[in-house]
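Step one of this worksheet: look at the structure below.
The values are calculated or read from the model by the stated rules, or taken from the named source; none is laboratory data. Just so you know, these numbers come straight off a predicted model, no measurement behind them. In this analysis, Cβ positions are derived from the backbone assuming ideal geometry, glycine residues included, and neighbour counts consider all displayed protein chains.
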Amino acid sequence: PLQRTIVALQREFAMKKLGPLHHFLGINAERRPQGIFLHQRQYAIDILERAGMSDCKPCYTPVDTQAKLSEDDGPPVVDATSYRSLTGVLQYLTFSRPDIAYVVQQVCLHMHTPRKPHLTALKRILRYLRGSLDYGLLLRPSPTSKLVVYTDADWAGYPDTRRSTSGYAVFLGANLVSWSAKRQHVVSRSSAEAEYRVVANGVAEVSWLHHLLHELHSPLQRVALVYYDNVTAVYLSTNPVQHQRTKHVEINLHFVCEQVAAGDIRVLNVPTTLQFADIFTKGLSSSAFADFRSSLN
């Protein structure tokens, strides 16, 4: 008991000595009336200076609404090393900028053989950063502690392999705590299958957060809600009956159905206009992008 007391006093002294959190691993934490604002403004400025685009013309969105980039489009870039370097540093910026998670994931897919259209897409990200240096992630006090997940998939959107892009956003109360934009490992034979795979990923993330909160002695008081805009996938989550068209997604189907049966989650349908996870799966119009970006805090 004495040793534990000494350790506790040492930790308390160390915390008092450091003072309030204001900077951690390149991420700035500013205390505001609304909550804690996390941003990497100086890091973004350094990236622009490194690319020689400090005075570039800003743009409203980090990606256009055209089809996804192909591996063989256009001639190879002259300086592939610079492309890989800038793409690498942008990955760390997504820690406080979920609005660029999708497009950074897209340019990362072509790091091995970057071509001119890939470089153009990379420069568009930098132009978007130039006009949004003051953006970050706001964490604010929330009266509720329920988990809400938005999941979505862009079916067969990758032109070279026809794999789908998965995206999800996890909210704890009013705060975005986890997000993902990732290409699926296998080809989905239907849009429902692609949607159901990302639902399984979102449910797995919820399950992990559920156990983490329990270990932190802050268990959830409400059932977690999982939203997506595919009616077929919603039906499958509550119907464990397997038939010919769903045998190939049996593992994900059983995993989600078990979570639903246990009462840990509920799977619900949401209109596409309110599907915030769209920002992690595809290019959006400037109005839709701005609306969803605001919804991510």
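As a summary of the residue check, Ser188 satisfies the conditions (1) touching a helix residue (DSSP H, G or I) at 6+ places or on another chain (Cβ under 7 Å); (2) of a type in the set (S, T, N, Q); (3) buried (at least 23 other Cβ atoms within 10 Å of the Cβ) except for the one numbered (3).
Scanning the stretch 90-142 for residues that are assigned to a helix (DSSP H, G or I), surrounded by fewer than 16 Cβ atoms within 10 Å (Cβ to Cβ) and among the β-branched types (Val, Ile, Thr) turns up just one, Thr120. Within the stretch 272-291, the set of residues being surrounded by fewer than 22 Cβ atoms within 10 Å (Cβ to Cβ), in a helix (DSSP H, G or I) and of a type in the set (A, V, I, L, M, F, W, C) comprises Leu274, Ala288, Phe289, Ala290. Among all residues of the stretch 2-21, there is none that is of a type outside the set (D, E, K, R), at pLDDT 75 or above and within 23 Å of the chain's Cα centre (by Cα).
Being modelled with pLDDT under 95 and part of a loop (DSSP other than H, G, I, E, B) is true of Ser70.
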